[in-house]
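Below is one structure, written out as structure tokens, with a few remarks after it.
Taken together, the values in this text are just the output of simple stated rules run on the coordinates, not laboratory data. No experiment lies behind these values; they were computed from the predicted model shown. Cβ: placed from backbone, ideal geometry, glycine included. Neighbour counts: every protein chain shown.
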Amino acid sequence: MTSAMTARKRVVERYIDGFRTGDHEQILSCLTDDVVWEMPPYFELSGTAAFDDAIENEATPGLPDLQLNRLVEEGDVVVAEGAVQAELKAGGRIDALFCDVFHFRNDKICRLVTYQVDREPGDATRRAFEA
């Protein structure tokens, strides 16, 4: 990262690292109690309990390999660009690019919108979230 590391960017890095290591507590510590997570068109959920349930997905056992390429901050929003790879239980794997838009309240994530697209034509992302 070439730009200065702000408190909000550090929260996003901590959040992403929590997914890399499977650390639910670390991830949840970055969120407000009323957090909303959307991944159109696959899901929308609200609250830390629902978020906790969604951290690991039965269709994608194991930990994801996440690369964080860029963090851009403006006001109360941090945008993260990166890539993710994960094995699918039914066979095959996700190999996708993502863009996460993190909205903050009091230096915690209160809303997250995830956009993800498979690098190769196919439906790996859909299979992971509609399993």
Search the range 5-25 for residues that are on the phi > 0 side of the Ramachandran plot and pair each with any residue that is part of a helix (DSSP H, G or I) when their beta-carbon atoms are under 9 Å apart and the residues are at least 6 apart or on different chains.
G22/I55
Strands (runs of 3 or more DSSP E) completely within the range 18-131 that count 3 or more residues being among the hydrophobic types (A, V, I, L, M, F, W, C) and crowded, with 16+ Cβ neighbours inside 10 Å
31-39, 65-74, 77-87, 93-105, 108-118
